[in-house]
1. Write out, first by first residue and then by second, each pair whose Cβ atoms fall under 6 Å of each other, whose residues are 6+ apart or on separate chains, and whose first residue, in region 198-217, is within 9 Å of Tyr164 (Cα to Cα) while the second is polar (S, T, N, Q).
2. Looking at region 271-303, which of its residues are closer than 19 Å to Ser48 by Cβ and out of contact with any helix residue (DSSP H, G or I) (no Cβ under 6 Å at 6 or more places or on another chain)?
3. Taking region 290-310, which residues are open to solvent by 60 Å² or more (accessible area, probe 1.4 Å) and not in a loop (DSSP other than H, G, I, E, B)?
4. Given Lys106, Lys82, Lys89, Lys127, which one is within 22 Å of Phe44 (Cβ to Cβ) and open to solvent by 30 Å² or more (accessible area, probe 1.4 Å)?
5. Specify the residue that is nearest to Glu237 (Cα to Cα); the eligible residues are those in region 194-210 that are more than 27 Å from the chain's Cα centre (by Cα) and of a type in the set (A, V, I, L, M).
6. Tally time: how many residues in region 24-61 are hydrophobic (A, V, I, L, M, F, W, C) and either surrounded by fewer than 18 Cβ atoms within 10 Å (Cβ to Cβ) or without any contact (Cβ under 8 Å) to a residue 60 or more places away in the chain (or both)?
7. Could you grab the pairs with beta carbons closer than 9 Å, sequence gap of 6+ or different chains, first residue in region 80-100 and in contact (Cβ under 8 Å) with a residue 12 or more places away in the chain and over 17 Å from Leu51 (Cα atoms), second one open to solvent by 10 Å² or more (accessible area, probe 1.4 Å) and basic (Lys, Arg)?
8. Here are Thr281, Thr287: which of them is more than 16 Å from ligand 2 (Cβ to nearest atom) and in a helix (DSSP H, G or I)?
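The values are calculated or read from the model by the stated rules, or taken from the named source; none is laboratory data. On a predicted model such as this, the values are computed, not experimentally measured, just so you know. Note that each Cβ is placed from the backbone with ideal geometry, even for glycine, and that neighbours are counted across all protein chains shown. Ligands, DNA and RNA are excluded from the accessible area calculation, which covers all protein heavy atoms including side chains. Shrake-Rupley method; radii C 1.70, N 1.55, O 1.52, S 1.80 Å.
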Amino acid sequence: MGILSFQVTAMNIMEKIQKLKKEKNAIFLVHNYQPPEIQDIADFRGDSLGLSLEASQTTADIIVFCGVTFMAETAKILSPEKTVLIPEKTAGCPMADTIRSRDLQKMKSEHPEAQTLCYVNTTAEVKAECDYCCTSANAVTVVTQALTHAKEIIFVPDANLAAYVTRKTGRTFVTWAGSCPVHAGITPQDIRLRKVLHPTAEIIVHPECTPEVIDLADQVLSTEGMSRYIRQSSSPEFILGTETGILYRLRQENPEKIFYPLSTGAVCPNMKKITLDKILTALEEMTHEVTIPEDIQKRAELSIRRMLVYRS
Ligand code: 13P
Ligand code: SF4
């Protein structure tokens, strides 16, 4: 295909998407790690917490969720009367998939006094087994404000996030050995190399990184926290230890600042499965609709609503 016909096709797709979106009263919720062309069509772009809040408040009839499945499930749980579509149904989160509800039931039976906290990166079935849900943006606040009196806390599935919250709060957790392959793949050696190349740049990492990486960082923030922090920072250069998709947003928001990825290999393949073609198909054919059994939806909603009380 020549460049001209490629541009015409891309334009046709965009026109069709916008027309159908209007006709069907749809909204596009887009995670910070999505490819640039998907971020460009977002009605709302943000982190897991912001997207959940948006899903709970929208007046649209259809939510087209451009992210991974646990995020689309969370949107459906918060807005069960709405149609939630995920343009690519295999866009999962490998960390969320490490733990099933029966695993958590077993942990609960071994720790009958424990309160249960799950990271939003879990399936709806796991959320239904939990007292509280949190994101990386509010995990510390949920532990310090909501779980103050808990004798014991089961915190699943991210062992790195749990280790980070332990450092910040002094609380220890019964954990699950899950981790994000993208963030756990960032190494202290990556930081040392980048520091040699850009010695004055500020290093910001996501709390899903390992404790060894967190030790060498200047700031530890969720994706939305990164955006907020960088907008008000006077530093001219930043090294980002998270999925590289966020660099597009950060460069748009801060054209005068310079950004480097801590690791160019920090790419989440599942986040890149959403394409404009698939969004068009989703709107045309109403695929792939997210459905949650009613009992799971009701129980999971409780832990997610508790999460929404704590903004950061
Ligand atoms: P945020 O909540 O910071 O957007 O992170 C979600 C995620 O999947 C991180 O890998
Ligand atoms: Fe899951 Fe990691 Fe991808 Fe986030 S970046 S969706 S935690 S695999």
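1. From region 198-217, the pairs are Pro207/Ser136; Glu208/Asn160; Thr210/Asn160.
2. Matches in region 271-303: Met271, Lys272, Lys273, Leu302.
3. Hits for region 290-310 are Glu294, Asp295, Lys298, Arg299, Leu302, Arg305, Arg306, Val309.
4. After ruling out the rest, the residue left standing is Lys89.
5. Looking at the filtered set, the residue picked out is Leu197.
6. The number of residues fulfilling the criteria is 9.
7. Going by the 9 Å Cβ cut-off, the qualifying pairs are Glu88/Lys273; Glu88/Lys278; Thr90/Lys273.
8. Working: Thr287 fails: in a helix (DSSP H, G or I).
None of the others qualify; the one that does is Thr281.
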